[in-house]
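Below is one structure; the comments refer to it alone.
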Amino acid sequence: MSMVGFPLLLIPLAIYNIIAFLMRDVSFAAPLFTLPLTSGTAWPVTLSDMLLALGILLLLLEVIKGARPGAKFLMDHLLSLLVFCGAAAEFVLLPQFGTSTYFLLTMLALMDFLSGIALRARRGTVTSAAPVSGRRARTPAAAPEPRFDPPPAPAPSGPAAASVAESVVLDHPEPRIVHADVAPSGPSPQVPSPELQPGDGSPASPDAPRR
């Protein structure tokens with residue numbers, strides 16, 4: 001758009017300058033037309049009223065233009081500041097601009113500059129706070145600690161367990177008890193008593209002859 005960087009409040013100020021320099025016989029206080037109100041009062045609309053109403057509407061458009069996304073803040077601020085400085089200089093230095101109408105137009109130019117700064121500061125604050133909230137929103141929750149459970153031992157199958165037990169029994173036969181017969185290796189010892197002679201372990205018969 002060609003009107004993106006153009007200061008809109010320059011329009012009422014330029015109209016005032018044209019009338020003040022080129023149309024000196026035109027009075028800003030002379031009524032242009034009369035507007036009847038519901039109360040029955042006739043309101044005389046002057047050139048000053050028209051310029052002020054135009055300045056207020058253009059100030060609203062300037063605020064909307066500064067609040068749009070992708071606005072050229074630096075250029076808009078610079079032009080608004082230049083318009084305000086020029087209007088203030090004319091109000092102070094030139095006698096034909098020392099009126100209430102031009103003073104109010106100068107204040108509208110000042111409001112345009114200050115509103116642009118306020119919008120820029122607010123947008124900078126929102127832009128700096130957005131990534132922080134976006135990072136907080138994207139931060140994943142802490143993952144639970146992994147639990148390591150031992151794998152369950154495989155249950156032995158019935159036929160396999162039976163075959164293993166059978167092989168163990170076959171590999172280890174039942175032990176046998178062997179009674180060794182101990183035979184005397186020499187003659188039986190003789191004792192002095194004839195009745196108690198060692199023999200095969202059986203008592204001597206009373207009918208046996210004595211030696």
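Residue pairs whose Cβ atoms lie under 7 Å apart, separated by 6 or more positions or on different chains, with the first residue in the range 15-27 and under 14 Å from residue 87 (Cβ atoms) and among the hydrophobic types (A, V, I, L, M, F, W, C) and the second open to solvent by 50 Å² or more (accessible area, probe 1.4 Å) and in a helix (DSSP H, G or I), are 20/96.
With respect to residue 138, is the statement that it is open to solvent by 70 Å² or more (accessible area, probe 1.4 Å), at pLDDT below 95 and touching a helix residue (DSSP H, G or I) at 6+ places or on another chain (Cβ under 6 Å) true? So residue 138 does not fit the description; no. Restricting 51, 37 to residues that are more than 22 Å from residue 120 (Cα to Cα) and out of contact with any helix residue (DSSP H, G or I) (no Cβ under 7 Å at 6 or more places or on another chain) narrows the list to 37.
Residue 75: open to solvent by 90 Å² or more (accessible area, probe 1.4 Å) and touching a residue at least 12 places away in the same chain (Cβ under 8 Å), yes or no? The answer is yes for residue 75.
The values are calculated or read from the model by the stated rules, or taken from the named source; none is laboratory data. None of these values were measured; they are calculated from a predicted model. A quick note on method: Cβ atoms are made from the backbone with ideal geometry, for glycine too, and the neighbour counts reach across all protein chains shown. For the accessible areas, the whole protein counts, side chains as well, though only heavy atoms, and no ligand, DNA or RNA atoms are used. Shrake-Rupley method; radii C 1.70, N 1.55, O 1.52, S 1.80 Å.
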